[in-house]
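The values are calculated or read from the model by the stated rules, or taken from the named source; none is laboratory data. Owing to the predicted nature of the structure, the values given are computational and were not obtained by experimental measurement. All Cβ positions, even for glycine, are placed from backbone atoms using ideal geometry, and neighbour counts span all protein chains on display. To get the accessible areas, we keep the full protein, side chains included, count just its heavy atoms, and leave off ligands, DNA and RNA. Shrake-Rupley method; radii C 1.70, N 1.55, O 1.52, S 1.80 Å.
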Amino acid sequence: MSRSAVRRLSALFTAFALIVSALVAGAAPAGAANLLSNPGFETGSTSGWTCQSGTVVSSPVRTGSHALASTATGQDIGKCAQTVSVVPNTTYAVSAWVRGNPVYLGITGGPSTWTAATNYAELKLSFTTSANQTSAELYLHGWYGAGTYNADDISLDGPGGGNPGAPGAPGNPTVGAVTNSSIALSWGASAGTVTGYRVYEGNTVRATVTGTSTTITGLAACSTHSYSVAAYNTAGESAKTTQVSGTTTGCTSVGLPKHALIGYLHASFANGSGYLRMADVPDAWDIINLAFGEPTSVTSGDIRFRQCPAAECPNVESEADFIAGIRAKQAKGKKVLISIGGQNGQVQLTSAGARDAFVNSVSAIIDKYGLDGLDIDFEGHSLYLNAGDTDFRNPTTPVIVNLISALRTLKNKYGSRFVLTMAPETFFVQVGYQFYGGAGGGDNRTGSYLPVIHAMRDALTVLHVQDYNSGPVMGLDNQYHNMGGADFHIAMTDMIKAGFPVARTGHTFPGLREDQIAFGLPAAVSAGNGYTPPAQVQAAVNCLARNQSCGGYTLRGGASPSFRGLMTWSINWDRYYNWEFQNNHEPFLNALP
């Protein structure tokens, strides 16, 4: 959340656009062979490849008679890709001869590298498949507006996947009836001879059955689980299906409406939009996040909150009136939270002492003002992953571990109706699909919110990722999406619902419950980079909640009729622009089923 009214491109994504994660290719595995079809485009076509704008040319070529030419113009990066079958837990060598400025070579969800060369130069990398990986996508692309690149003699060397005689993959599973302790699943039958089916949660078999349905029992109430299915016979096991997520019932209500309007209130500073008294915040806002609580120093953990000083906010109310305003909102069912961090409030809980100071100081703020909970808006360098910290389920980096511990302590202290929300930027969440900080090869902050979200998923009320101040981000369709339109909100939010493989770690981040998911956007053109017109916002919500108006995008996580709602930076900026955000979206959300 920026205090500045100046439109800014996130410096985080300057780094993201230049991430280089080339790995030194080791010895080729036994049985190595180039798994790509038409690797040198000698068919005279792009047969075997899926290309945005690629064509085959006869000059310039490296060997043979043909090569690829693809042009990156505007929002088209000139991507060409091919998917091959691979063997789990196996290392593969990748190379390509390229020319152009620049050219990227990579494996989706894995490493990438790039160069800018006048003449043909070889790019190389290697990657190791995860324990349950049966396919890999190799891609080449240029960069936005950089022009034409060429590629020739591309290889992906290693043993081919598949198991002769094993059955085909089953149809993707769907979730049926759920209870407080069980989730029912069903799937389509496999082709070939089938002995039975194994239902996996991650790499663990949860059920083995002979039919095409089962019910997983013994689950905790209000818990989310992701399952895939594989068929097997005496010859071996099929590839696994895609994962499907289900959530048991029994979740405790914190008193929010089914679809909520969430906004930040500049309570400790004015910004260019001016100060707004708590009593004057319209009742349309269901969650009001007080911005901001900030630390006394980056590593102290000691969080302080003060009302905006009168010199900056001449119309600021007294503390008594401020607290009375909070009580009046709560009497109408609204939730008022303290938001910690923001653009300027860097918080690094590097020690147990900082963790404890965080818990004590945040508790003091909540108690003083009688607040309903806490919003985590850590930005900049607050969160990062140490090298080798690659399992988001079991993080080891102190700033991550201590934050999780602090949040659990606060949740336990205040009980089941404690409201916990988070507002990470896309860099810290969805970019983890391509780059994960602890796995090396780039910025160690990429994806660093994932372990925090995962650890707190059963206590998390709403995750509203900031779909603004962002660079292009790859979605589950393996295409880059750009902020400012419905497409970006659809693709980014679908990743949170469906879950996604975390880059180069072999682990998959499970999706959240649909009632935990919202997305954030600027209230107006001056509030942040990535303003989206109301009609585009509502098209995105209709896609996410109803699977309508998706513009050709296929929801991997399915429709979310309980999609929680919309967050904005900020209530002050919305007032400054005559309540455009509130007046358009509050009645729209209320009209959703």
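When Glu237 is tested against (1) farther than 25 Å from Leu460 by Cα; (2) at pLDDT 95 or above, exactly one condition is not met: (2). Just a yes or no: is a residue in the stretch 353-360 β-branched (Val, Ile, Thr), open to solvent by less than 10 Å² (accessible area, probe 1.4 Å) and out of contact with any His (no Cβ under 6 Å at 6 or more places or on another chain)? No, because not a single residue in the stretch 353-360 is β-branched (Val, Ile, Thr), open to solvent by less than 10 Å² (accessible area, probe 1.4 Å) and out of contact with any His (no Cβ under 6 Å at 6 or more places or on another chain). Just to check your reading of the model, which residue among Val94, Val24, Val20, Val61 is outside the structural domain of Thr426 (by the TED database), modelled with pLDDT of 85 or more and open to solvent by 40 Å² or more (accessible area, probe 1.4 Å)? So the residue among Val94, Val24, Val20, Val61 that is outside the structural domain of Thr426 (by the TED database), modelled with pLDDT of 85 or more and open to solvent by 40 Å² or more (accessible area, probe 1.4 Å) is Val61. Of all residues in the stretch 206-231, those satisfying the criterion of being open to solvent by 40 Å² or more (accessible area, probe 1.4 Å) and either in contact with a Gly (Cβ under 7 Å, 6 or more places away or on another chain) or not basic (Lys, Arg) (or both) are Thr208, Thr210, Thr212, Ser213, Thr215, Thr217, Gly218, Ala220, Ala221.
So that you can scan it fast, the table gives a plain yes or no per residue for (1) of a type outside the set (Asp, Glu); (2) at pLDDT below 95:
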{"site": "Thr446", "(1), (2)": "yes, no"}
{"site": "Leu450", "(1), (2)": "yes, no"}
{"site": "Asp458", "(1), (2)": "no, yes"}
{"site": "Leu463", "(1), (2)": "yes, no"}
{"site": "Gln466", "(1), (2)": "yes, no"}
{"site": "Gln479", "(1), (2)": "yes, yes"}
{"site": "Asn482", "(1), (2)": "yes, no"}
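Here the stretch 409-454 is the region considered, the condition is being open to solvent by 10 Å² or more (accessible area, probe 1.4 Å) and free of Cβ contacts under 8 Å to residues at least 60 places away in the same chain, and the residue that is nearest to Pro395 (Cα to Cα) is Thr409.
Asp389 meets all of the listed conditions (1) surrounded by fewer than 22 Cβ atoms within 10 Å (Cβ to Cβ); (2) of a type outside the set (A, V, I, L, M, F, W, C); (3) part of a loop (DSSP other than H, G, I, E, B) but one, namely (1).
For Ile287, the conditions (1) touching a helix residue (DSSP H, G or I) at 6+ places or on another chain (Cβ under 8 Å); (2) at pLDDT 95 or above all hold with the exception of (1). Against the list (1) open to solvent by 40 Å² or more (accessible area, probe 1.4 Å); (2) farther than 16 Å from Tyr232 by Cβ, the condition Pro164 fails is (2).
Given the criteria of a type in the set (Val, Ile, Thr), over 25 Å from the mean Cα position of the chain (by Cα) and more than 21 Å from Asn478 (Cβ to Cβ), does Thr73 qualify? The answer is no for Thr73. Thr118 meets the conditions (1) in the same structural domain as Cys80 (by the TED database); (2) surrounded by 18 or more Cβ atoms within 10 Å (Cβ to Cβ) in every case but one. The failed one is (2). Scanning the stretch 273-316 for residues that are in contact with a Lys or Arg (Cβ under 9 Å, 6 or more places away or on another chain), surrounded by fewer than 17 Cβ atoms within 10 Å (Cβ to Cβ) and part of a loop (DSSP other than H, G, I, E, B) gives Gly274, Pro282, Asp283, Thr296, Asn315.
Within the stretch 361-386, if we keep just the residues that are open to solvent by less than 10 Å² (accessible area, probe 1.4 Å) and part of a loop (DSSP other than H, G, I, E, B), the residue that is nearest to Ile326 (Cα to Cα) turns out to be Glu379.
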